[in-house]
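Chemist: I'd like to ask some things about the structure below.
The values are calculated or read from the model by the stated rules, or taken from the named source; none is laboratory data. Please read all numbers here as calculations on a predicted model, not as lab measurements. Every residue, glycine as well, gets a Cβ built from its backbone with ideal geometry; the counts of neighbours run over all protein chains shown. To get the accessible areas, we keep the full protein, side chains included, count just its heavy atoms, and leave off ligands, DNA and RNA. Shrake-Rupley method; radii C 1.70, N 1.55, O 1.52, S 1.80 Å.
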Protein chains: 4
Amino acid sequence: MYTENMKERLFETTRLEAFSDAVFAIIITIMVIEFHPPEGTEFHDLLPLVPKFLAYLLSFLYLAVYWNNHHHLLKAAPGINGSIMWANMGLLFCATLIPFGTAWVGENYHASAPTALYGVILLLNAVAYYILQSRITATMDKKSAFVRALGVDFKGKLSPVFYAAGIVLAFVSPLLAQLILVGVAIMWIVPDRRVEQALG
Amino acid sequence: MYTENMKERLFETTRLEAFSDAVFAIIITIMVIEFHPPEGTEFHDLLPLVPKFLAYLLSFLYLAVYWNNHHHLLKAAPGINGSIMWANMGLLFCATLIPFGTAWVGENYHASAPTALYGVILLLNAVAYYILQSRITATMDKKSAFVRALGVDFKGKLSPVFYAAGIVLAFVSPLLAQLILVGVAIMWIVPDRRVEQALG
Amino acid sequence: MYTENMKERLFETTRLEAFSDAVFAIIITIMVIEFHPPEGTEFHDLLPLVPKFLAYLLSFLYLAVYWNNHHHLLKAAPGINGSIMWANMGLLFCATLIPFGTAWVGENYHASAPTALYGVILLLNAVAYYILQSRITATMDKKSAFVRALGVDFKGKLSPVFYAAGIVLAFVSPLLAQLILVGVAIMWIVPDRRVEQALG
Amino acid sequence: MYTENMKERLFETTRLEAFSDAVFAIIITIMVIEFHPPEGTEFHDLLPLVPKFLAYLLSFLYLAVYWNNHHHLLKAAPGINGSIMWANMGLLFCATLIPFGTAWVGENYHASAPTALYGVILLLNAVAYYILQSRITATMDKKSAFVRALGVDFKGKLSPVFYAAGIVLAFVSPLLAQLILVGVAIMWIVPDRRVEQALG
């Protein structure tokens, strides 16, 4: 079992970051492959693609938030060990499910199950990120500004609650559930000055 | 709100560059997936693919220009902050729309709407790049050679005008509009000695 | 011919690692493209995708294990030469076959040939990794902790036996064969403290 | 116009290498997307895929050779300028045509035009690589071991001749033309000790 031994040998983060960057970059662009140009040649032929486009935009925002947070988290990490590597793989796996969820909800935005599944995938990503964060802070000084800043991590604590609410609401009103998921993304895009300051 | 405080803590640019490189690289190669080999086995079976190929070539040139400019811009940047990160994400999002525009116009080069949409996507990219550039120069000394060189940035100022002209002209003559968009690309490919010298 | 001359000029590993990272990252995410959302909009419409999903999960785990091991191996390598470059290309080629095997077995999990082919592809990857490892340890001091740690490399020695068993068993019971291949993946995921300690 | 001024400001090669790595990596793996698993579940259902697989293997080898050579070339380069950047983009563009050529010849290995086109694409890549090499050696000392080693670059000089022969022969015997193209790849895979020694 992994023990939280600060003396443990840690590897540098560069290659893990490079690999994660590549995976995030591919996930983002893979969603674009799903956009097949319409048969017609008029602007109104694009109309049926609007829900797909909005689903893509939302997933792009989530992946951008995760990349940003991942960037800050790995920057603060003193190094990585096997446990962090696997936690990171867990996050990447959950992230690769986003294009599937996006495609299903983009084609069926009025339906409950696709909306709920999209919420479940976002919830899985939040859990995976939380595990990665815990594995990294376990190697850090508990009194460091970064760890203390995360202690009041209200966004990280609120998000799963909203995802869960979105999943349940999807069976009442898919649109309302989607609005909640959009809201969480916007909450994250507002700059997280707290972490930036702790690192500053 | 973001304040243009030069004392602000800036992160190094490496990981943002690596992530952007991956996204640009994937966007370029994703367009190739759209080229399905023809059913026949004669050279003339390739003829229907020629417009698609030319659209791909044009988009490749634009993405190469953006990568080159992005390279110079990030090289000059003293560092990145949250505001630059998001401006960069905005540019990458606009860039991911290029394959869609390319596929639509490549299949319908004689039609107005696809040509106009392609122009709109190029215009969006130009705006996104301008925002990124502003966010970066905001962290730089106003008297630096790089910032002063950008002050006379005639290419950057002319391009949106040409894109707008292309969008309007697409409804009169798609071919003429496409020629204008080709012209802008060529204008950019002519080496930008000004910026290179400012950095030299 | 390549001679195991320790004095030979070795190149740094950075670019080989970056290239391999990109290939591994793309292989992982390419498998996701295969997941087309179902026609229906109910949760039970996802049921036919479950075997595909499990096949993807297994392949993701294998690729994550290979990336982890590759990471440690290249970290320990004093440098690379032409022979190591080509051995690495051999591993990457074998890895690119995984998405094909995954797609075939995911759609036909009850059939013998797809299961056996998946086992053959895993066996090819194991052989390619072993060759890469040999080419790298050939440039290292035989008495180094890393080389000695690999001497008792029981996982590396057991895996091919299990793959071979899985290939043969696929013609008796595909399910049993698949369970063996899952078992090997789990064996690898259990952290390899031996190598980590040798590097520590 | 670009002048071969040795005093000119050169940029470091890192980001150009990273971008090229990503493009090469994606081109290689994009070809795998073309392999759709067969409808049947028997080994003999794989038989129709054999020519496609061989075409993929050949293209993989060519791309691996280009990556290797690109690696050595950029390693030797003292830096990059705008002219080198665009020559590199030219090579990457030609490389992105390989998956298309591979898919067409893989499906029609018995036909002349696909084989000839594949040869043309390889010839274009050779020309693009030659231009890149010239732009880089133009920034180097003419008496350096690397430049002198390239002076006797018999592989680089022979390859275009063989490609041209392959293109012409494709109209007589596609198989014979393909064997020539296989031969050139093998010639390149034999380690290029000359360049390695010049760098050593």
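Chemist: Based on what the data block shows, is residue A:49 surrounded by fewer than 22 Cβ atoms within 10 Å (Cβ to Cβ), more than 10 Å from chain C (Cβ to nearest Cβ) and in contact with a Phe, Trp or Tyr (Cβ under 8 Å, 6 or more places away or on another chain)?
Modeler: Details: surrounded by fewer than 22 Cβ atoms within 10 Å (Cβ to Cβ): yes; more than 10 Å from chain C (Cβ to nearest Cβ): yes; in contact with a Phe, Trp or Tyr (Cβ under 8 Å, 6 or more places away or on another chain): yes.
Taking the combined requirement at face value, the residue satisfies it.
Chemist: Let me spell it out: the conditions are (1) at pLDDT 95 or above; (2) more than 19 Å from residue A:85 (Cβ to Cβ); (3) not acidic (Asp, Glu), and residue C:38 meets all of them except one. Which number is the exception?
Modeler: If we test residue C:38 against (1) at pLDDT 95 or above; (2) more than 19 Å from residue A:85 (Cβ to Cβ); (3) not acidic (Asp, Glu), just (1) comes out false.
Chemist: Kindly check whether there is at least one residue in the range B:8-23 that is within 9 Å of chain A (Cβ to nearest Cβ), acidic (Asp, Glu) and buried (at least 18 other Cβ atoms within 10 Å of the Cβ).
Modeler: Looking for residues that are within 9 Å of chain A (Cβ to nearest Cβ), acidic (Asp, Glu) and buried (at least 18 other Cβ atoms within 10 Å of the Cβ), one finds at least one in the range B:8-23, hence yes.
Chemist: When you scan the range C:135-170, how many residues do you find that are among the basic types (Lys, Arg) and touching a residue at least 40 places away in the same chain (Cβ under 8 Å)?
Modeler: From the range C:135-170, those among the basic types (Lys, Arg) are C:135, C:142-143, C:148, C:155, C:157; that's our starting set.
Next cut, touching a residue at least 40 places away in the same chain (Cβ under 8 Å) only: C:135, C:148.
Result for the range C:135-170: 2.
Chemist: So, one more: Any residue at all in the range A:138-147 that's open to solvent by 60 Å² or more (accessible area, probe 1.4 Å) and either modelled with pLDDT of 95 or more or aromatic (Phe, Trp, Tyr) (or both)? Full working, then the answer.
Modeler: Going residue by residue through the range A:138-147, those that are open to solvent by 60 Å² or more (accessible area, probe 1.4 Å) are A:141-143.
Still in the running and either modelled with pLDDT of 95 or more or aromatic (Phe, Trp, Tyr) (or both): none.
No - not one qualifying residue is present in the range A:138-147.
Chemist: If a residue has to be of a type outside the set (Gly, Ala, Ser) and more than 13 Å from the chain's Cα centre (by Cα) to count, how many in the range D:37-72 make the cut? Step through it out loud before you land on a result.
Modeler: Kept after step one, since they are of a type outside the set (Gly, Ala, Ser), are these residues of the range D:37-72: D:37-39, D:41-54, D:56-58, D:60-63, D:65-72.
If we keep only those that are more than 13 Å from the chain's Cα centre (by Cα) too, we end up with D:37-39, D:41-54, D:56-57, D:72.
Qualifying residue count for the region: 20.
Chemist: Further question on the same structure: Out of (1) under 15 Å from residue C:62 (Cβ atoms); (2) not in a helix (DSSP H, G or I), the odd one out for residue C:171 is which?
Modeler: Just one mismatch for residue C:171, condition (1).
Yes/no matrix, rows are residues, columns are (1) surrounded by fewer than 18 Cβ atoms within 10 Å (Cβ to Cβ); (2) away from chain C (no Cβ under 14 Å):
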{"position": "A:83", "(1), (2)": "no, no"}
{"position": "A:110", "(1), (2)": "yes, no"}
{"position": "A:157", "(1), (2)": "yes, yes"}
{"position": "A:164", "(1), (2)": "yes, yes"}
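Chemist: Being at the interface with chain C (Cβ under 9 Å from one of its Cβ atoms) and either open to solvent by 30 Å² or more (accessible area, probe 1.4 Å) or not in a helix (DSSP H, G or I) (or both) narrows it down to one residue among D:60, D:35; which is it?
Modeler: On the way: D:60 fails: either open to solvent by 30 Å² or more (accessible area, probe 1.4 Å) or not in a helix (DSSP H, G or I) (or both).
Testing whether each residue is at the interface with chain C (Cβ under 9 Å from one of its Cβ atoms) and either open to solvent by 30 Å² or more (accessible area, probe 1.4 Å) or not in a helix (DSSP H, G or I) (or both) leaves just D:35.
Chemist: Now, a different point. Return a yes/no flag: does the range A:144-163 have any residue that is outside any helix (DSSP H, G or I), more than 26 Å from residue A:107 (Cα to Cα) and small (Gly, Ala, Ser). Working first, answer last.
Modeler: Restricting attention to the range A:144-163, the residues satisfying the condition of being outside any helix (DSSP H, G or I) are A:144, A:152-153.
When the remaining residues are screened for being more than 26 Å from residue A:107 (Cα to Cα), the result is A:144, A:152-153.
Those left that are additionally small (Gly, Ala, Ser): A:144.
Looking for residues that are outside any helix (DSSP H, G or I), more than 26 Å from residue A:107 (Cα to Cα) and small (Gly, Ala, Ser), one finds at least one in the range A:144-163, hence yes.
Chemist: Restricting to the range D:121-137, name every residue that is farther than 30 Å from residue D:169 by Cβ and open to solvent by 10 Å² or more (accessible area, probe 1.4 Å).
Modeler: Residues of the range D:121-137 that are farther than 30 Å from residue D:169 by Cβ, as a first pass: D:135-137.
Across the range D:121-137, the qualifying residues are D:135, D:137.
Chemist: Restricting to the range A:63-110, give me the number of residues that are closer than 20 Å to residue A:187 by Cα and not in a helix (DSSP H, G or I).
Modeler: Count: 0.
Chemist: Could you please tell me which pairs satisfy a Cβ distance under 7 Å, a separation of 6+ or placement on different chains, a first residue in the range D:171-200 that is more than 16 Å from residue D:105 (Cβ to Cβ) and at pLDDT 60 or above, and a second residue that is assigned to a helix (DSSP H, G or I) and open to solvent by less than 40 Å² (accessible area, probe 1.4 Å)?
Modeler: Listed pairs, sorted by first residue: D:187/D:155; D:188/D:65; D:188/D:155; D:189/D:65; D:191/C:82.
Chemist: It is to be established whether one or more residues within the range A:112-120 are within 14 Å of chain C (Cβ to nearest Cβ), in contact with an Asp or Glu (Cβ under 7 Å, 6 or more places away or on another chain) and open to solvent by less than 50 Å² (accessible area, probe 1.4 Å). Let's see the steps before the verdict.
Modeler: Filtering the range A:112-120 down to residues within 14 Å of chain C (Cβ to nearest Cβ) leaves A:112-120.
Cutting the leftovers down to in contact with an Asp or Glu (Cβ under 7 Å, 6 or more places away or on another chain) gives us A:113.
With the extra rule that they be open to solvent by less than 50 Å² (accessible area, probe 1.4 Å), the set shrinks to A:113.
Within the range A:112-120, one or more residues are within 14 Å of chain C (Cβ to nearest Cβ), in contact with an Asp or Glu (Cβ under 7 Å, 6 or more places away or on another chain) and open to solvent by less than 50 Å² (accessible area, probe 1.4 Å).
Chemist: Further question: Applying the selection to the range B:166-185, what residues are of a type outside the set (Val, Ile, Thr) and open to solvent by 60 Å² or more (accessible area, probe 1.4 Å)?
Modeler: Kept after step one, since they are of a type outside the set (Val, Ile, Thr), are these residues of the range B:166-185: B:166, B:169-171, B:173-179, B:181, B:183, B:185.
B:171, B:175, B:176, B:179 - these are the residues of the range B:166-185 that are of a type outside the set (Val, Ile, Thr) and open to solvent by 60 Å² or more (accessible area, probe 1.4 Å).
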